[in-house]
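Report on the following structure.
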């Protein structure tokens, strides 16, 4: 599978063409990996339009680290908010930002709606956010990357001048990510399972877990902490995952572990920390 499949390249061209139609941008990223889950090419495409970065799945991320990321982004001059698109928590700040933009537009052109575009890499919660903003299921959601394949305009709010309209576009994968970034994206469900060899993904995930995450893993599976290969073998034995000849099925154990992490069963965990001062972070 290509790192940048045809429909992703098409989505990038589509975004470039549609930018002239929109006034503001909602960029969506995953709060568990605020840097890796952003496409670095987006900043150049959205030009000088007002942009709000929405960190979704805040309910699965470490709240203290989310606050640190928000402060870091603010210091870099980026407006950002954290939300849980599934419950709607934090969404009022997104609505307030959009309303402020709509009021500014109304002073220039009262008789047309505010037009926004929702952008971001695949499977970070763009469609869930859009559904929350509209209060109805107008965008498809799913657990697999690339559920949204075509563009669609949806009504967000009614109001003077036409309210607010949103353009929902297919997700954009970062082109040729570094190995650690690719493993991060598989771990949070942005890239498909087959994209990176599972031993690399699990090795990265275990190395990134904080102490409380390691304890939660050991408690959940009844295993002792150790190298990734040993942990997977122990999980396979505890869960009865065996392959040919009775060998522990490490791949099946890896899938179970990754599913538990993505569902928050190991606790609220953020895989990325604030970069050291002066470094450049992928996607930011």
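The values are calculated or read from the model by the stated rules, or taken from the named source; none is laboratory data. If you're wondering where the values come from, they're calculated on a predicted model, not measured in any experiment. Backbone-built Cβ (ideal geometry, glycine too); neighbour counts: all protein chains shown.
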Subset of the range 179-233 that is touching a strand residue (DSSP E or B) at 6+ places or on another chain (Cβ under 8 Å) and more than 21 Å from residue 29 (Cβ to Cβ) - its residue that is surrounded by the fewest Cβ atoms within 10 Å (Cβ to Cβ): 233
Any hit, the range 256-275, residues being farther than 30 Å from residue 80 by Cα and either surrounded by fewer than 14 Cβ atoms within 10 Å (Cβ to Cβ) or at pLDDT 95 or above (or both): yes
Selection from the range 38-55 of residues that are at pLDDT below 95 and assigned to a strand (DSSP E or B): 51
Flag for residue 280 being at pLDDT below 95, within 23 Å of residue 61 (Cβ to Cβ), surrounded by 14 or more Cβ atoms within 10 Å (Cβ to Cβ) and not assigned by TED's automatic domain parsing to the domain that holds residue 37: no
Any chance residue 98 is over 14 Å from residue 173 (Cα atoms) and either modelled with pLDDT of 95 or more or surrounded by 15 or more Cβ atoms within 10 Å (Cβ to Cβ) (or both): yes
Complete set of residues in the range 44-63 that are over 23 Å from residue 189 (Cβ atoms) and surrounded by fewer than 15 Cβ atoms within 10 Å (Cβ to Cβ): 44, 47, 48, 49
Number of the exception - residue 148 against (1) in contact with a strand residue (DSSP E or B) (Cβ under 9 Å, 6 or more places away or on another chain); (2) under 23 Å from residue 39 (Cβ atoms); (3) at pLDDT 75 or above: (3)
Test for residue 106: is it assigned by TED's automatic domain parsing to the domain that holds residue 48 and at pLDDT 95 or above: no
Hey, residue 220 in a helix (DSSP H, G or I) and either under 30 Å from residue 68 (Cβ atoms) or touching a residue at least 40 places away in the same chain (Cβ under 8 Å) (or both) or not: yes
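Results for (1) outside any loop (DSSP other than H, G, I, E, B); (2) more than 20 Å from residue 63 (Cβ to Cβ), shown as yes or no for each residue.
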{"site": "199", "(1), (2)": "yes, yes"}
{"site": "225", "(1), (2)": "no, yes"}
{"site": "251", "(1), (2)": "yes, yes"}
{"site": "267", "(1), (2)": "no, no"}
Some residue of the range 108-125 being without any contact (Cβ under 8 Å) to a residue 60 or more places away in the chain, touching a helix residue (DSSP H, G or I) at 6+ places or on another chain (Cβ under 8 Å), under 27 Å from residue 261 (Cα atoms) and surrounded by fewer than 19 Cβ atoms within 10 Å (Cβ to Cβ): no
